[in-house]
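Where a number appears in this text, it was derived from the coordinates with a stated rule and is not lab data. Keep in mind that what you see is a predicted model, and the values were worked out from it rather than measured. FYI the Cβ positions are ideal-geometry reconstructions off the backbone, even for glycines, and counts take in every protein chain you see.
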Amino acid sequence: MSNKNHWETLYETKQHNQVSWFQEHAELSLKFIRDTGVGTDAHILDVGGGASVLVDDLLDAGYHNLSVLDISAAALRAAKARLGATASRVHWIEADITQLELPEASIDVWHDRAVFHFLTNPQDRQRYVQTVQHAVKPGGHVIIATFAEDGPLKCSGLDIVRYRPETLHHEFGAGFELLKSQNEHHHTPSGADQSFIYCYCRR
């Protein structure tokens with residue numbers, strides 16, 4: 001099964017609030033974005049946003065230049081259905097982030113919760129980082145959340161890569177300054193606990 005088919009099947013067979021990464025509110029992500037100090041007109045890209053409620057929280061907080069990218073059309077449909085008429089205020093992108101070329105220096109804040117750790121192939125990680133380097137403005141902000149060292153070894157039946165702040169920063173290199181990291185213990189809808197690490201870098 002292809003990567004896209006895997007995620008389409010998952011979102012077609014599960015409600016958005018049944019997947020393990022579901023959050024009622026993306027509180028820590030929103031805090032990191034607010035702490036960047038960008039204005040409400042900043043272009044914020046949520047990579048792998050799918051059916052996440054982060055876009056809802058950002059809209060409620062007054063941000064209005066938002067893009068949500070996901071490989072799964074079913075995930076994006078779920079988010080649009082949840083938002084209703086408000087969905088027209090968001091730019092929706094159905095794409096594989098490792099195969100996409102975004103406009104140069106177009107992003108103020110790059111946010112990714114739980115995509116990067118699925119990139120087990122070093123070439124995919126390199127393409128991802130190259131896309132960040134191309135698309136994020138100089139001085140822009142990059143917020144990445146992955147499973148921490150004590151997090152799960154798999155998610156949704158797929159292998160993942162676990163990180164420490166230092167090893168995650170190493171993937172991005174000297175062109176990115178690591179400003180802050182924070183652990184999160186995420187409680188899944190099934191009652192399990194998952195350990196995440198958030199890293200905030202500035203380009």
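Which order do SER156, SER29, SER88 fall in if you start with the one that has the fewest other Cβ atoms within 10 Å?
Working: SER156 14, SER29 23, SER88 10.
With the fewest neighbours first, SER156, SER29, SER88 line up as SER88, SER156, SER29.
What does the convex hull of the alpha-carbon atoms of the stretch 118-158 project to on average, in nm²?
Values: hull surface 15.0 nm².
Spelled out: convex hull of the Cα atoms, projected over all directions, averaged, 3.8 nm².
Can you list, bin by bin at 10 Å, the percent of alpha carbon pairs in the stretch 3-202, starting at 0?
With 10 Å bins starting at 0, P(r) equals 9, 38, 41, 12, 0.
Pairs of lysines 8 or more apart, or on different chains, with alpha carbons under 22 Å: count those in the chain, would you? Don't skip to the answer; put the middle values down first.
On the way: LYS4/LYS14; LYS4/LYS80; LYS4/LYS154; LYS14/LYS80; LYS14/LYS154; LYS31/LYS137; LYS31/LYS180; LYS137/LYS180.
Summing the qualifying lysine pairs gives 8.
Exposure proxy check: ASP56, ASP41 ranked by fewest other beta carbons within 10 Å? Please report the intermediate quantities before stating the final value.
Details: ASP56 16, ASP41 11.
Final ranking by Cβ density, sparse to dense: ASP41, ASP56.
Which far-off residues, 5 or more places away or on another chain, put their amide H under 5 Å from the one on HIS43, with H placed in the peptide plane?
Here the answer is ASP108, VAL109, since their amide H atoms fall under 5 Å of that of HIS43.
Normalised by the residues of the stretch 3-202, what does the relative contact order come to in percent, with Cα pairs under 8 Å and at least six apart? Don't jump to the answer; show the numbers that get you there.
Working: 366 pairs, mean separation 38.2, N = 200.
It comes to 19 percent, rounded to a whole number.
If each residue of separation counts as 0.36 nm, what is the full-extension length gain between ARG82 and ARG164 once their alpha-carbon separation is subtracted?
Numbers: separation 82, 0.36 × 82 = 29.52 nm, distance 3.42 nm.
Full-extension gain reported as 26.1 nm.
Put +1 on the Cβ of each Lys and Arg and -1 on the Cβ of each Asp and Glu in the chain; which of ILE44, HIS169, LEU54 then has its Cα farthest toward the positive end of the dipole?
My answer, from the dipole projection, is ILE44.
Calculate one ³J(HN,Hα) per residue across the stretch 145-150 by plugging θ = phi - 60° into the Karplus curve 6.51 cos²θ - 1.76 cosθ + 1.60, and present them in order as whole Hz with x for glycine and proline.
10, 9, 5, 7, 4, 9
Near GLY48, within a Cβ-to-Cβ distance under 10 Å, what is the net charge of the other residues, with Lys and Arg +1 and Asp and Glu -1? Before the final figure, lay out the partial values.
On the way: positive: ARG113; negative: ASP46, ASP70, ASP112.
Around GLY48, the charge tally is -2.
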